[in-house]
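Data block below; observations after.
The values are calculated or read from the model by the stated rules, or taken from the named source; none is laboratory data. From a predicted model like this one, the values you see are computed outputs, not experimental measurements. Cβ atoms come from the backbone with ideal geometry, glycine included; neighbour counts cover every protein chain shown. These accessible areas exclude ligands, DNA and RNA; they are computed on the full protein's heavy atoms, side chains included. Shrake-Rupley method; radii C 1.70, N 1.55, O 1.52, S 1.80 Å.
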Amino acid sequence: MALFGDLEHHTLTDLARVLKSQTGTLFFHEAYQGRTLELTLVQGEVHALYLDGFPVQEPARVRDILRELHGQGRGAFEFQRRTFPATAPGFFGLALVDLLREFSEAFIPVDQLPHPETRFLAAEAPSVPASLAAEWALLQPHLVAGASASELCTRVGRPQRDVQVMLHRLRAVDLIAPYRSRAAHPQLAHSAEVFQGPAALAAAPLGQSPVAAPPASAPLMRRLLGALRRLAGAART
């Protein structure tokens, strides 16, 4: 199997998911500071990384290189499926998908992620970027009627943090929009009922307690009592 493409059209995270169970060599041609990267993958794990043909043996530097490649989001790549002998050099075993998930979460501050209970609706007839096609296909069926991150994580079987990141990315390109129903804010619904006034009393079904109207102000009550006293005095005369 051979894959070709560019990170402008397929994110490194999406590519890592495709290669999650693959063994072979992943090349990035001049994608990293104009230099060539070569990753030896075994079942989706990075066992070796070569920069212009020279091995990089420090895991911390491997992380830094992949973080920069992930952040810039551009550069041609090529994957060639291969089998490696047991004696092939392997300096570490870093799961590429897990590494990129860490990078993605690190790029988005917590206070910029949507609240777990905020509900979102899918846009009508959207134009979906290729880099978000997989996430859109996963979440869109559940967003037609509206759903929150806390609901989606159980429906799609992903951690809540991952779903929040996906919602953040979809919202950034206007594929979804937040939706807040009155039912989600009972205090607003209660306020609306209180100010319906006498109409609420007439419309209240039998057997149910109508919403009480707000009490009259004290000055108004005093004026009404004064008028009653004057009427009573006039009747006696």
Completion exercise
Charge tally for neighbours of D14 with beta carbon under 13 Å away, counting Lys, Arg as +1 and Asp, Glu as -1, is +1
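Can you tell me the relative contact order of segment 110-178? Whole percent, Cα pairs under 8 Å, sequence separation 6 or more.
Once normalised by length, the contact order is 48 percent.
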Fill in the blank from the handout: Over all Cα pairs of segment 110-178, the Kirkwood radius sets Rh, and Rg/Rh then becomes 0.91
Handout entry: Surface per residue (accessible, 1.4 Å probe) for segment 110-178, Å²
Key = 51
Problem - Solvent-accessible area per residue for segment 2-106 (1.4 angstrom probe, square angstrom) - result: 51
Exercise for the section: Report, to the nearest whole %, how much of the accessible area of segment 110-178 belongs to carbon and sulfur atoms, 1.4 Å probe, protein only. Expected result: 52
